[in-house]
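Here is the structure we will look at, set down as structure tokens.
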Amino acid sequence: MDIQSKFLGAIASIAIGTLVSTTTSAFTLNSDLGPLDIDFRTTDWQPAHGQADYSVGGVTVFAYDLISIPVSDPTPGSLFWENDGFGVSGGAQNDEIDGPEGIAVVAGSLSQRSVNRQAPSITAVGAWLNDFFATTGSGGAAETGQLSFFSLGSNSPFKVIDFTSDVPNLPGSDDYAFYLDFGEAVTFGAALFTTPNGDQSEYAVAGFDTAPVPLPPAIWLMGSAMVFLFRKRKS
């Protein structure tokens, strides 16, 4: 069973948690956006352009021309890559997610899935988006988006974040980096970026800030024991 069939809900083997919806927004100019822990802007991802899916390391990105929640029968699309991240080719904006399109970020590569039955996961605290504005088109409402988190094997999300732009566009600027703070560390098998309101919203996905991986308790105990022995020897 590959990543895509698992994400589409072919096996609903993992329990779905309580659905949580939050709204958050915080802006920074694109020039302030430094390297990310999972960074779709790097040239490692450039070969993904024009592909339906592409893997780098332990992460796979999928493009969809048509997808909705709960996920049932989405239409695969083509990834659009440039140096500000991923969009979906076609639609109103060729380099962004808009309308019924979606970008799914899935833990694990296709090769890892074929040899490892244990589902990997990603733990992140925030995501970076590009080209996300305070107005849609000429003088329209603020752009909105939605990020849904899934356990692999489930077609319904366990957490949903609705987000919106609330900072006016700067004169002469047409490119924003938008940091979406999750408010907590979220561990997921798949994350789906969409624009569900049909309001001409559109944006590109730049990457994720991941959470530090906590050390196992045994490591802390070992470290404490070494400190104790060192102090005892000195005395």
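The values are calculated or read from the model by the stated rules, or taken from the named source; none is laboratory data. Note that this is a predicted model, so its numbers are computed, not measured. In this analysis, Cβ positions are derived from the backbone assuming ideal geometry, glycine residues included, and neighbour counts consider all displayed protein chains.
Remarks
Each row is one residue, and each column tells you yes or no for (1) surrounded by 23 or more Cβ atoms within 10 Å (Cβ to Cβ); (2) modelled with pLDDT under 85; (3) of a type outside the set (D, E, K, R); (4) over 23 Å from F188 (Cβ atoms).
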site: I97; (1), (2), (3), (4): yes, no, yes, no
site: V115; (1), (2), (3), (4): no, yes, yes, no
site: N130; (1), (2), (3), (4): yes, no, yes, no
site: A134; (1), (2), (3), (4): no, yes, yes, yes
site: S138; (1), (2), (3), (4): no, yes, yes, yes
site: T144; (1), (2), (3), (4): no, no, yes, no
site: K159; (1), (2), (3), (4): no, no, no, no
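Quick grid of which residues meet (1) modelled with pLDDT under 85; (2) over 13 Å from the mean Cα position of the chain (by Cα); (3) farther than 27 Å from W45 by Cα; (4) surrounded by fewer than 22 Cβ atoms within 10 Å (Cβ to Cβ):
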site: S156; (1), (2), (3), (4): no, yes, yes, yes
site: D174; (1), (2), (3), (4): yes, yes, no, yes
site: S201; (1), (2), (3), (4): no, yes, no, no
site: V205; (1), (2), (3), (4): no, no, no, no
site: L215; (1), (2), (3), (4): yes, yes, yes, yes
site: I219; (1), (2), (3), (4): yes, yes, yes, yes
site: S235; (1), (2), (3), (4): yes, yes, yes, yes
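- Residues considered: S25, S55. Of these, the only one that is closer than 27 Å to P157 by Cα, at pLDDT below 95 and part of a loop (DSSP other than H, G, I, E, B) is S25.
- None of D65, D44 is in contact with a Ser or Thr (Cβ under 6 Å, 6 or more places away or on another chain) and at pLDDT 90 or above except D65.
- As for segment 71-80, it holds no residue that is at pLDDT below 85 and surrounded by fewer than 24 Cβ atoms within 10 Å (Cβ to Cβ).
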